[in-house]
1. Full-extension gain between residue 67 and residue 43, please, as 0.36 nm times their residue separation minus the C-alpha to C-alpha distance.
2. Can you give the extra length, in nm with one decimal, that the chain gains between residue 83 and residue 3 once fully stretched, where that is 0.36 nm per residue apart less the Cα-Cα distance?
3. Modelled label-to-label distance, residue 21 and residue 33, 7 Å Cα→beta-carbon offset: nm?
């Protein structure tokens, strides 16, 4: 796992097996290879911790440029999808789309 994949606030697994939130100094330690971390697999348990719930609907994001900016539109289309494998990936995507952190 590379430091460039992480943001302050991401959950990761340390060598000791504990899960933690990465802080600024932790990201620097990863860059200097002083701290070894592993991504946490994204499971149903993690989704529920973050407040998501089960649904049979699959959504996608459409981007439409308009006069006053670019807008995101969520539409149903299971053929267009991106696999999210790890907790930090979901955290980063959620932040990029909403400007808010996922909290437990």
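Derivation of every value follows stated rules applied to the coordinates shown; laboratory data play no part. Given the structure is predicted, the values throughout are model-derived calculations rather than measurements. Here the Cβ positions follow ideal geometry from the backbone for every residue, glycine too, while neighbour counts run over all protein chains shown.
1. Length difference between fully extended and current span is 4.7 nm.
2. 26.8 nm
3. 3.0 nm
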